[in-house]
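Please read the structure below before turning to the comments.
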Amino acid sequence: MKCRTHTFVGVFEWGTALLGQLKWLHKVSRITRRLYPGLGTMLSAAAAERNKDPILSVLRDIVNTERPLQALEISSGTGQHVIHFAQALRNITWQPSEYDRQSLASIEAYRAHYQLHNVKPAIHLDASQPHQYWGGIQPESLDLVLNINMIHISPLSCTEGLFKGTGALLKPQGLLLTYGPYAVNGRITPQSNVDFDYSLRQRHPEWGLKDISFLNSVAQKNGLFLEKIVDMPANNKCLLFRKESLV
């Protein structure tokens, strides 16, 4: 009887301690979910799923696959792109970044799931801010900067910041690749893009399709020059900007 009493007390104490730990974990989980909505959830965007292979094809054509490279993706979205590219291009160390907190959580969920050694933890990045606030990335340390579907759905300050920051962080002869829908010589085609541009400008006056000639002029002010335009599916384009050496 004595042994049974001790056993019961021991089990009771163990159960009480376990209950306390569970309550603590629940509290931490609740606070974490409030601070980082979507934590642990790998979000999926249909557009990203459709365009990841066509963009990867362009990347294969423009980057050196035989030596280690450093790449920054600005506005990584859900994280689908950076994981897909990192799986295919193992010589590149990828730095994903995002402004949106829920997207940051999604990127980290993808990293946790795929466990790729060439994908760094995502950083919070506001493209409208000077590059000194971009997670400590050093000037002229990057071989490649990637920016997908951001320019037409963000304020002009983000586009200007993108080119200014990229101009500082790319190595000489480094590349900036932007992807999305654009106007060409003041004209938007086809009608679906015209309608898309209208809907964006209704949502925010600074949103909408930017003209390639305008982007090239902003790029040139920051030492970047439009080297190539690649037509992509769904009336999108890849723009390839090269950083030219000043010497």
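The values are calculated or read from the model by the stated rules, or taken from the named source; none is laboratory data. In this text, all values refer to a predicted model and were calculated from it rather than measured experimentally. Positions of Cβ are backbone-derived with ideal geometry, glycine not excepted, and every protein chain shown enters the neighbour counts. Keep in mind that these areas ignore ligands, DNA and RNA; they rest on the heavy atoms of the full protein, side chains included. Shrake-Rupley method; radii C 1.70, N 1.55, O 1.52, S 1.80 Å.
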Of all residues in segment 171-195, which are buried (at least 18 other Cβ atoms within 10 Å of the Cβ) and more than 15 Å from E227 (Cα to Cα)? G180, P181, Y182, A183, I188, N193
So V82, is it of a type in the set (A, V, I, L, M) and at pLDDT 95 or above: yes
For segment 123-136, does any single residue satisfy the condition of being assigned to a loop (DSSP other than H, G, I, E, B) and farther than 30 Å from H204 by Cα? yes
Complete set of residues in segment 79-100 that are over 10 Å from the mean Cα position of the chain (by Cα) and in a helix (DSSP H, G or I): I83, H84, F85, A86, Q87, A88
Among the residues of segment 59-78, is any in a helix (DSSP H, G or I), in contact with a Leu (Cβ under 8 Å, 6 or more places away or on another chain) and surrounded by 17 or more Cβ atoms within 10 Å (Cβ to Cβ)? yes
Would you check which residues across segment 119-169 are among the polar types (S, T, N, Q) and open to solvent by 40 Å² or more (accessible area, probe 1.4 Å) and list them? S128, Q129, Q132, Q138, N149, S157
Within segment 21-42, can one find any residue that is modelled with pLDDT of 65 or more, surrounded by 11 or more Cβ atoms within 10 Å (Cβ to Cβ) and of a type outside the set (G, A, S)? yes
Tabulated pairs, segment 114-128, first at pLDDT 95 or above, second open to solvent by 30 Å² or more (accessible area, probe 1.4 Å) and part of a strand (DSSP E or B), C-beta under 9 angstrom, 6+ apart or interchain: H117/T93; N118/T93; V119/T93; K120/T93
For segment 196-247, what are the residues that are open to solvent by 60 Å² or more (accessible area, probe 1.4 Å), touching a strand residue (DSSP E or B) at 6+ places or on another chain (Cβ under 7 Å) and at pLDDT below 95? E244
All conditions in (1) over 30 Å from E160 (Cβ atoms); (2) in a loop (DSSP other than H, G, I, E, B); (3) not charged (D, E, K, R) are true of H113 except (2)
